[in-house]
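A quick write-up on the structure given underneath.
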Amino acid sequence: MTRVGFRWLERGSCSHPELMTISGGSLCAAEFPALVGVITHPARGIFLFDTGYDPAFDEATQPFPERFYRWATPVKITADQEWRAWLNAHDIEESAIAGTVISHFHGDHVAGLRRLADKPIYCARAGLNELRKPGRFGRVRQGLLPALVPQHADAQARFFEDAKARPLSPAFAPFAEGRDILGDGSLMAVELPGHCAGHWGLAFTTQHGQPVLLAADAVWSGRSIKENRPPPRLTTALLGNTRNYRATLNVLSAAAANNRELAILPSHCRISAKAFAANCDDADDAS
């Protein structure tokens with residue numbers, strides 16, 4: 001299996017009550033970073049896992065009913081997290097970006113996609129189809145903002161469902177199978193159903209041998225995995241499928257318990273991100 005360099009970097013954040021993300025959580029607003037994976041393939045270049053927030057989110061949520069999305073999850077994007085500044089701050093050459101892997105099409109994961117829409121986009125067909133369905137109110141309720149994904153980007157889509165199925169390393173058990181999106185075993189898309197239609201994670205091994213599973217929004221925090229505590233049914237039913245969400249959480253909890261070396265990284269958990277950075281040399285790898 002080809003190993004890759006990896007960094008897990010913030011790009012914007014939002015806030016909403018913690019209770020919406022974990023049963024028994026606080027009613028007080030909590031900050032949730034939008035984390036972006038910067039994956040350096042030794043031969044193919046850089047692949048981003050999601051894009052985080054971008055000023056394009058503000059533009060897309062100006063009109064109604066899309067503005068409800070902004071009200072429900074107030075967003076913060078600092079000057080150093082705008083596209084060019086963010087690339088420069090992390091020594092990322094835009095010309096070296098070979099493609100983007102999209103976990104799902106919620107606005108906080110694709111807000112920067114218009115900047116990369118002419119490059120290959122690896123995603124779920126089910127997720128893109130959901131984004132393109134008619135009905136603005138329904139899409140906003142589901143966290144979908146089609147304006148963030150230019151229509152011409154659809155031609156660049158490479159669907160997870162079409163990639164070859166291959167067994168995963170035992171380091172990811174009980175997850176057994178992934179989709180080999182680059183054809184060399186380096187990046188394995190793993191279906192994580194429940195959060196929304198077409199929700200997938202990504203499994204890979206870093207240059208130093210660390211197995212990593214990017215869990216996207218299968219959970220909002222590492223605490224949910226450790227304690228097997230899902231969000232309240234209201235949250236999971238609003239966005240996706242509660243039964244599937246809880247089944248996925250059960251498998252994540254088992255994977256964490258069975259594989260002490262496996263780093264499971266939710267897209268909005270700063271604690272998990274800091275722990276990974278502290279314990280893995282790859283967190284500082286730029287190549």
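Here are some notes:
- Of the strands (runs of 3 or more DSSP E) lying entirely inside segment 142-242, the ones with 2 or more residues being surrounded by 15 or more Cβ atoms within 10 Å (Cβ to Cβ) are found at 157-159, 177-180, 188-191, 200-205, 211-216.
- Test: residue in segment 47-69 that is open to solvent by 70 Å² or more (accessible area, probe 1.4 Å), closer than 30 Å to Leu238 by Cβ and under 18 Å from the mean Cα position of the chain (by Cα): no
- Only one of Glu191, Glu130 that is under 24 Å from Leu213 (Cα atoms), of a type in the set (Asp, Glu), modelled with pLDDT of 95 or more and under 20 Å from the mean Cα position of the chain (by Cα): Glu191
- The residue of segment 243-280 that is farthest from Trp200 (Cα to Cα), among those that are out of contact with any Asp or Glu (no Cβ under 9 Å at 6 or more places or on another chain), in a helix (DSSP H, G or I) and basic (Lys, Arg), is Lys274.
- Within segment 238-269, restricting attention to residues that are of a type in the set (D, E, K, R) and touching a helix residue (DSSP H, G or I) at 6+ places or on another chain (Cβ under 8 Å), the residue that is modelled with the lowest pLDDT is Glu261.
- Applying the condition of being of a type in the set (D, E, K, R) and at pLDDT 95 or above to segment 270-284 and asking which residue is nearest to the chain's Cα centre (by Cα) yields Arg270.
- Pick from segment 124-154, criterion without any contact (Cβ under 8 Å) to a residue 40 or more places away in the chain and in contact with a strand residue (DSSP E or B) (Cβ under 8 Å, 6 or more places away or on another chain), ranking: nearest to Ala72 (Cα to Cα): Leu144
- Some residue of segment 33-45 being more than 15 Å from His268 (Cβ to Cβ), modelled with pLDDT of 95 or more, in contact with a helix residue (DSSP H, G or I) (Cβ under 6 Å, 6 or more places away or on another chain) and surrounded by fewer than 21 Cβ atoms within 10 Å (Cβ to Cβ): yes
The values are calculated or read from the model by the stated rules, or taken from the named source; none is laboratory data. Note that the structure is a prediction, hence the values are computed from the model and not measured. Don't worry about glycine lacking a Cβ; one is built from the backbone with ideal geometry, like all the others, and counts go over all protein chains shown. For the accessible areas, the whole protein counts, side chains as well, though only heavy atoms, and no ligand, DNA or RNA atoms are used. Shrake-Rupley method; radii C 1.70, N 1.55, O 1.52, S 1.80 Å.
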